Amino acid sequence: MSIPTPHIECKDKNLIAKTVLMPGDPLRAKFIADTYLTDVVKFNNVRNMFGYTGNYKGKRISVMGSGMGMPSIGIYSYELYNFYDVENIIRIGSCGAYTADLKLYDVILVDESWSESSYAKVQNGYDENIIEASKELNEQIVKFSKELDIPIIRGRIRSSDVFYNSNFDSYKKYRDEHGCIAVEMESFALFANAKVSGKKATCLLTVSDSLELKQETTSEERQNAFTKMMELALQFAE
Ligand code: HPA
């Protein structure tokens, strides 16, 4: 396939940086571009899945929405890696905490994504439940977190296909039997695409709700709290 792709209308590969930050919400991508970037070029409007490239402190980076769930991030990340020569994708999203020691707004750096999803099996025959994040990207994030004095918690998270589970308490199984500290819905497909494309991916998450403590945040509160995670990820500009 060539560019533009069915889901990204950008006709010039050079308009997309080597590193793309991917929040789920395209309006969060817009927020990042408006708040942090200069010399911004918008490279995608298709389905309102906005993508922008700009300069962060004089260095280049892109940011684009992924949508919710593995099929959605699966499409966008595959096209970015394979048709736009993107090297690194850093998902910056929200998660639900499975353990009592995770507090609202804590920032998690994902080491491994565990999933029962068939995404990787269907995509490329990968038949296991765990895919690792890029160790190289994670080492850089650890360095950035020390430099910016932003604490991060590292661990295995669950990537789920289902937000509304009919058995609320089922999360305890993923925590107690599979060692997952939190849940989100995209990283497993992103990591699968990075692996099959010979590229790098990782995921930073901010705790937006806790299944264990039965706490949640409003969408307004989230916007502000997510800045720590955004600032960490923006250090990848080059
Ligand atoms: N479940 C799945 N994905 C999520 C959650 C959740 O509770 N919170 C934020 N993303």
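Observations
Rundown of residues vs (1) under 16 Å from residue 194 (Cβ atoms); (2) free of Cβ contacts under 8 Å to residues at least 60 places away in the same chain; (3) in a helix (DSSP H, G or I), yes/no style:
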{"position": "86", "(1), (2), (3)": "yes, no, no"}
{"position": "105", "(1), (2), (3)": "no, no, no"}
{"position": "110", "(1), (2), (3)": "yes, no, no"}
{"position": "123", "(1), (2), (3)": "yes, no, yes"}
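- Close Cβ contacts (under 6 Å, 6 or more residues apart or on different chains) running from residues in the range 147-167 that are of a type in the set (A, V, I, L, M, F, W, C) to residues that are near the ligand (Cβ under 9 Å from one of its atoms) comprise 157/182.
- Single residue of the range 164-186 satisfying the filter (over 20 Å from residue 106 (Cβ atoms) and near the ligand (Cβ under 10 Å from one of its atoms)) that is least open to solvent (accessible area, probe 1.4 Å): 165
- Cβ pairs under 8 Å, 6+ apart, first in the range 6-30 and of a type in the set (D, E, K, R), second modelled with pLDDT under 95: 28/223; 28/226
- Residue within the range 31-44 that is within 22 Å of residue 136 (Cα to Cα), open to solvent by less than 60 Å² (accessible area, probe 1.4 Å) and in a strand (DSSP E or B) present: no
- Residue within the range 219-229 that is under 27 Å from residue 119 (Cα atoms) and open to solvent by less than 80 Å² (accessible area, probe 1.4 Å) present: yes
- When the strands (runs of 3 or more DSSP E) confined to the range 128-223 are screened for residues that are touching an Asp or Glu at 6+ places or on another chain (Cβ under 8 Å), those reaching at least 3 such residues are found at 130-132, 153-159, 200-210.
- Scoring residue 153 on the criteria (1) within 30 Å of residue 57 (Cβ to Cβ); (2) modelled with pLDDT under 95 leaves a single failure, condition (2).
- Hey, residue 226 of a type outside the set (Ser, Thr, Tyr), at pLDDT below 95 and in contact with a strand residue (DSSP E or B) (Cβ under 6 Å, 6 or more places away or on another chain) or not: yes
The values are calculated or read from the model by the stated rules, or taken from the named source; none is laboratory data. Source: prediction; values computed, not measured. Cβ coordinates were reconstructed from backbone atoms using ideal geometry, including for glycine residues, and neighbour counts include every protein chain displayed. Only protein heavy atoms, including side chains, enter the accessible area calculation; ligands, DNA and RNA are left aside. Shrake-Rupley method; radii C 1.70, N 1.55, O 1.52, S 1.80 Å.
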